[in-house]
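Asker: The following block contains the structure, expressed as structure tokens.
Where a number appears in this text, it was derived from the coordinates with a stated rule and is not lab data. Since the structure is predicted, the reported quantities are computational estimates derived from the model, not experimental observations. Cβ atoms come from the backbone with ideal geometry, glycine included; neighbour counts cover every protein chain shown.
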Amino acid sequence: MKLAVSFILFALISGTALADDTARNQKIAEIIKAQGVYQQFDDLIQQSKVSTNKFLDESYRKILNDLNAANARSNPKFEAAFRRFSDKAANLWTADDLLAVWTKNYGRNLSDSELDQILAYYQSPVGRKDVAAQQSALAGLSRALTSESQARLAPHVRALTDELKSIIAQEQAAVKSR
């Protein structure tokens, strides 16, 4: 009997906590929308993809030169390997990835009452001006993301180089066996 009562109390408390978390998360979602954070993240991701593709194109040319493979530029296997790599590298982050991290950390030390006040602020004229100011500050985040993305790309660049070397070795072996 005690076990059943304990289970019912646990379920009620957990359900209340879950409902509170849901309401709190909804409030945070409204704040994020009012702040324009998701759109900022999406814009940032798009800028990052352009930057990453430029970086990768330059890296690809450098890799081909480093491999000293005269026919590599016209080799469809090289191009296919590079495109696979490029697709992975350009999609390291999504706006949802950034939003999940933001949401997890936002409001951690804020009460529900404080979240209400913050929401009211961002829905006010001065709050909307604040959002515009924050959007102009996004450039710093963009630089940091670009730097981190390059660090994340490093192992993929090494893997691409290894794959291209393997293609060269296979083609050289095929030529020698003819």
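Asker: So which of 88/176; 54/88; 33/54; 88/165 end up more than 23 Å apart, counting from Cα to Cα?
Answerer: 88/176; 33/54
Asker: If each residue's Cβ is checked for other Cβ atoms within 10 Å, how do 102, 93 rank with the fewest at the top?
Answerer: Going from least to most buried by this count: 102, 93.
Asker: Might you report the magnitude of the Cβ-based charge dipole of the stretch 100-140 about its Cα centre, with Lys and Arg at +1 and Asp and Glu at -1, to the nearest 20 debye?
Answerer: Once rounded to the nearest 20, the dipole reads 180 debye.
Asker: Mind ordering 129-139, 80-90 by average Cβ neighbours within 10 Å, highest first?
Answerer: Packing order, densest peptide first, comes out as 80-90, 129-139.
Asker: About its Cα centre, how strong a charge dipole does the chain have in debye, to the nearest 20, once Lys and Arg get +1 and Asp and Glu get -1 at the Cβ?
Answerer: It comes to approximately 760 debye.
Asker: For the stretch 83-178, report the convex hull volume of the alpha-carbon atoms normalised per residue, in Å³, without decimals.
Answerer: Measuring per residue, one finds 122 Å³ for the Cα hull of the stretch 83-178.
Asker: So, one more: Principal axis lengths of the chain from Cα atoms, whole Å, largest first?
Answerer: The principal-axis extents, from largest down, are 80, 56, 20 Å.
Asker: For the chain, what relative contact order do you get, as a whole percent, if you take Cα pairs closer than 8 Å and at least 6 residues apart?
Answerer: Answer for the chain is 38 percent.
Asker: Restricting things to alpha carbons, tell me how big the stretch 68-124 is in terms of Rg and Dmax, in Å.
Answerer: Cα only, the stretch 68-124: 22.9, 67 Å (Rg, Dmax).
Asker: Take each uninterrupted DSSP H stretch in the chain, measure its Cα extent along the helix axis, and return the ones at 24 Å or beyond whose mean Kyte-Doolittle hydropathy is at least 0.0.
Answerer: Span-like helices here: 2-35.
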